[in-house]
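Below is one structure, written out as structure tokens; the observations come after it.
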Amino acid sequence: MTQILIKNGYVFDPLNGIKGEVTDIAIKDGKIVDPRELNPEEGITVINASGKVVMPGGIDIHSHIAGPKINIGRMMRPEDHYTTNKPGVFPYIRAETGLSTPNVFRIGYEYAIMGYTLVAEPATPPVMTRHTHHELNAIPIIDKMAYVVVDSNWMLLDLITNNDPKLLAAYLSWILKATKSYALKLVDPGSDFAWLLQGRGLDISDELPVYNFTPADIIKSIAEAAQVLNLPHKLHVHCNRLGFPGNYATTLRTMELALNIHRVSEGLALHVTHVQFTGYKGDSWSTLESGGEEIAKELNSNPYVSLDLGQAIPDRAVTTMTADATFQFVLYHIMKNKWYSSDIESDGASGIVPYKYKKKNYVNTVQWVIGLEVALLARDISRVFIATDHPNAGLFTDYPLIFAWLMSKKARKIP
Amino acid sequence: MEFHHLGTKKIFVDTTTEPVTSLEEILRILSAKVLQIPHGTDIPLKSGEKRIIENVACPICAELCDYLKIEITGNRIVRNIGGCAKSVSKFLNYHKDRILKPYIRINDKLVEVSLEEALDKAADILVNAKYPLIYGLSITSVKTDEYAIQLAELLRGAVDNPSTFCHGPTSLAVQEVGGVFTTFSDVINLADLVIFWGSDPINSHVNHLSRNIVPKGRFIGGRKDRKIVVIDIRRTELANMADLFIQVKPGRDVELITALRMALHDLDIEVDNVAGVPRDMVYKLADMMASAKYGVIMYGLGITENGVKHRSVEELMKLVQDLNEYTKFAVMPMRGHYNVVGSNEASLWLTGYPYAVDFARGFSRMYVGVTTAMDLLINGDVDAALIVGHDPVASFPRKAVQHLSRIPVIVIDPKWSLTTAFADVIIPSGMTGIECEGSAYRMDKIPIRMKKILDPPPGVLCDYEILKLLIDRVINKKVGKA
Ligand code: SF4
Ligand SMILES: [Zn+2]
């Protein structure tokens, strides 16, 4: 029996409306209890938290921590391990390595140090999810979960064609169960199918090859199935045209879809992920501008969507990895360095390219602005999640920087 | 029989009247510690209730056929439907030549001991070693791989798997340039051009063709709609069924790959013959590749282990990257052991490196040619070895094997092998995929569930259970020593 008493901290508990009250928190056998329930005779570990904040563990809604992509990243980037090593401490602390492609131990330890207790791996192709679970199991300390990618799966595309929503919902619920995943994920909906057949991507109203419907139809069908299934996190969407100038319009159209779906279930209908990557205004890289304001406006007027930032971190070397194989092919041409791509069992595809955000690069600076603009202009911050799409726009260990940027004008000044 | 290798010596194979070399003689030549291994010990079979188990995955090669139907009566496997000849033989003979008890070596004899004694002796060997090697993995589940790597880390030793001498160069090429890969289903449904380069699935992955090339796919007909090209140093059986066979000079594939890239980039090839291949043929092949709708190069050790090693694979990766400017093209490394891919994967998520991982400094390092198992043994760098589910004595060079005769060796294996004759401690394990469950990764990285269809012999544990016990003991002994 373990008993812990956290004394005199400023307690924050949004669910119970507690905002910085100085009070004690008692834990008995892994559960929070009334401090009077602790039995002094059985020994209590007391933690003095005076002057400190006591809050629920952080939740990271989108961080690529496990599965085939991050593991290929580790293989592809030995240079990411050099000078990052930390020996283990016998017998229980394991050796750590890697920055943008950290090994499982560094992931668990670093998240725990930041006070995060639950992290979601946001893109696992169904057939690869056994692998994803192997890695999730190997990450120490924190809780983990995964979103399963369902947008370019052939059986699913057939079900959408057949226009049988019940069967579609049943199929999706089977996928969630079989892969032990938490939520459904769409990555550049339909594009991996177009990539597989024709080596190209799609915008939200382009017709898929072979099938005569559009990515918008995929989003709508699956969002409605998620309503029927009453999933807690309904649908996690990485918008079409990610990484292309002008794509903020596609993001707005994706968000608007949340208003048009048939809602039969509580809560938000759609989550739009890493909006920074799909918040580009302008028609070329040289005329690029932030679409952050428009995205924030849509968020403010549309109560059915939430989003996360995909905040770009200046001067950060990253390893981009997405199930958006088309975009990775484009990025490979920009970087002209290493490129890894893989088609995956008629389920989807993926790509990996190393990248570096530069403080003095115009595009990178605009990327930095987009994330911050969205967060600062949003009225309901409970629907805005801080994330870097680790390790795409920055690392999860960069979060304290983002907190500072959002809370302090001084911190936002580029030196 | 006469084999004629282009540019190399002629090799003659003749019948002989000399007596067959005995096992004891072979062991003597290799300077084994024990000349008599108690092989011939089978699990006693009892007939009984008949059961048919479906969708069983085959624990032999990285094709990992997972559609076998296995028929069992009692503990006797009587039928394997769907498996190739190798598979049938492994399943129907699973009970033969099994190690049924733990042993330790006393002088030149293996003596039966309890599991406790064997584990204790093994832990002593490992804790007293300055720099132990753990080798093998890959013929077992990823769970076992994970424990083996943890043990190496605790001991500050080295841990390696067989990619060290098969597809290691594929990993090295990915480290350098990346690559473009694919999976079986995409090949079946889309591939209209399949090039087998330095690989021969007819002999190595017997079901590969009937599974991936012959069937009709969603966007392509069967074999007749796919062009098959074979590139090899000699006319293999596979070459005879190909639409085009290209004979390349041994060890010079990288020149041909470079020439293909030149042809693709419209550069003039000035020589009229590249690595034994006429220039026109190079242009023809480049054209075929660029005009395919979905092309795949399935390559084997003919590319990875042909002298320039990862330079060939690196050039191959660049070739497919270039081809993606024109069309869809990918590679498929024809991996060998059924879970060698899984041992790379587990090693990557735990240590950041796919094989040849060293923990001498407490963190992971990988130096090919230094921390690779073969080099550690040949250079005499390691002072103890733990071999999990492998038979290095049967496949390693003489000098490496000799070192195994000089250092204490622990073997964890279901069956007697040449390596057991070099062991100081032998701990029997159940067979993964038959007696123990777990996961293994197919050659295209798809993880497959390996089933348990029979109980291991009485008192015999699965290898991951043994490693877990060994880890606990090593921790206790090291804490005790400190
Ligand atoms: S091809 Fe390989 S995996 Fe398939 S049955 Fe034969 S040995 Fe087993
Ligand atoms: Zn992401």
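Details
- Backbone amide hydrogens, once placed in the peptide plane, bring B:Ile195 within less than 5 Å of B:Val229, B:Val296, B:Ile297, B:Met298, excluding anything fewer than 5 places away on its chain.
- Region A:58-407: translational diffusion in µm²/s, Stokes-Einstein, Kirkwood Rh over Cα pairs, 10 °C, 1.306 mPa s: 79
- Amide H contacts of A:Ala312 (H built 1.01 Å from N, under 5 Å, at least 5 apart or other chain): A:Gly371
- Percent of Cα pairs exceeding the 16 Å cut-off, where the set is region B:325-410: 64
- Net charge dipole, the protein assembly as shown: roughly 760 debye, given to the nearest 20, about the Cα centre with Cβ charges of +1 for Lys and Arg and -1 for Asp and Glu.
- Under the membrane-span-like helix rule (DSSP H runs whose alpha carbons stretch at least 18 Å along the helix axis, mean Kyte-Doolittle hydropathy 1.0 or higher), chain A yields A:362-377.
- The calculated Kirkwood hydrodynamic radius for region A:1-106 is 17.3 Å, given to one decimal from all distinct C-alpha pairs.
- The protein assembly as shown shape via C-alpha gyration tensor axes, a/c threshold 1.5: oblate
- The protein assembly as shown: antiparallel DSSP beta bridges as a percent of all, rounded to 5: 45
- Region A:167-220, Rg to Rh (Cα coordinates; Rh as Kirkwood inverse mean 1/r): 1.03
- Among A:Ala323, A:Ala138, A:Ala49, residue whose mean-square fluctuation peaks in a GNM of chain A (springs only between Cα atoms under 10 Å): A:Ala49
- Helix B:340-351 axis, angle to chain B major axis (alpha carbon atoms, nearest 10°): 70
- Calculated FRET efficiency for the pair A:Ala170/B:Asn273, C-beta based, R₀ 60 Å, to 0.05: 0.50
- For region B:168-333, average projected area of the Cα convex hull in nm²: 8.6
- For region B:318-323, the Karplus equation 6.51 cos²θ - 1.76 cosθ + 1.60, evaluated at θ = phi - 60°, returns couplings of 5, 4, 5, 4, 4, 4 Hz by residue, with Gly and Pro reported as x.
- Taking label points 7 Å from Cα along the Cα-to-Cβ direction, B:Thr17 and B:Tyr367 give a separation of 5.4 nm.
- For region A:3-54, taking the reciprocal of the average inverse distance between every pair of different Cα atoms yields a Kirkwood hydrodynamic radius of 11.3 Å.
- Restricting the chymotrypsin sites (Phe, Trp or Tyr not before Pro) of region B:289-382 to loop positions (DSSP other than H, G, I, E, B) with no more than 16 neighbouring Cβ atoms within 10 Å leaves B:Tyr326, B:Tyr367.
- Percentage relative contact order, region B:334-482, counting C-alpha pairs under 8 Å, at least six apart: 18
- Cross-link reach list, aspartates and glutamates versus A:Lys409, counting only Cα pairs under 19 Å and skipping chain neighbours closer than eight places: A:Glu293, A:Glu373, A:Asp398
- Computed 3J(HN,Hα) for region B:135-150, one whole-Hz value per residue from the Karplus formula 6.51 cos²θ - 1.76 cosθ + 1.60 where θ = phi - 60°, is 9, x, 6, 6, 10, 6, 8, 5, 4, 5, 4, 4, 5, 4, 5, 4, glycine and proline marked x.
- Residues with amide H under 5 Å from that of B:Phe181, placed H, sequence gap 5 or more: A:Ser341, A:Ser342, A:Asp343, B:Val331
- In summary, the lysines within cross-link reach of B:Lys101, defined as a Cα separation below 17 angstrom excluding same-chain residues under 8 places away, comprise B:Lys109, B:Lys121, B:Lys415.
- Cβ-Cβ FRET estimate between A:Val363 and B:Ala85, R0 fixed at 51 Å, reported to 0.05: 0.30
- Computed over region A:240-381: relative contact order in percent, which uses C-alpha pairs under 8 Å that are six or more apart: 27
- Semi-axis lengths, Å, chain B, gyration tensor of Cα atoms, sqrt of 5 times eigenvalues: 40, 26, 22
- With a Förster radius of 51 Å applied to the beta-carbon distance between A:Thr83 and A:Phe213, the computed FRET efficiency rounds to 0.55.
- Residue among B:Ile220, B:Ala148, B:Pro102 farthest towards the positive dipole end of chain B, charges placed on Cβ: B:Pro102
- Only lysine pairs 8 or more places apart or on separate chains count here, and in region A:1-132 those with Cα atoms under 25 Å apart total 10.
- Beta bridges per DSSP with both ends in chain B, % antiparallel, nearest 5: 45
- Here the Kirkwood formula, the inverse mean of 1/r across different C-alpha pairs, assigns region B:38-185 a hydrodynamic radius of 19.2 Å.
- For region B:287-299, 3J(HN,Hα) per residue [Karplus equation, 6.51 cos²θ - 1.76 cosθ + 1.60, θ = phi - 60°, Hz, x = Gly/Pro]: 5, 4, 5, 5, 9, 5, 7, 8, x, 9, 9, 9, 10
- Global form of region B:1-109, assessed from the alpha-carbon gyration tensor, a/c cut-off 1.5: oblate
- Shape of region B:348-482, Cα gyration tensor, a/c cut at 1.5: rounded
- On Cα atoms only, tilt of B:463-481 relative to the major axis of chain B in degrees: 60
- Partners for B:Lys216 among lysines (Cα-Cα distance below 25 Å; same-chain residues under 8 apart left out): B:Lys69, B:Lys224, B:Lys227, B:Lys293, B:Lys328, B:Lys445
Rule-based calculations on the coordinates, nothing more; no lab input. Computed from a prediction, not measured in an experiment: that's the story for all the values here. With ideal geometry, Cβ positions are generated from the backbone for all residues, glycine too; neighbour counts draw on all protein chains shown.
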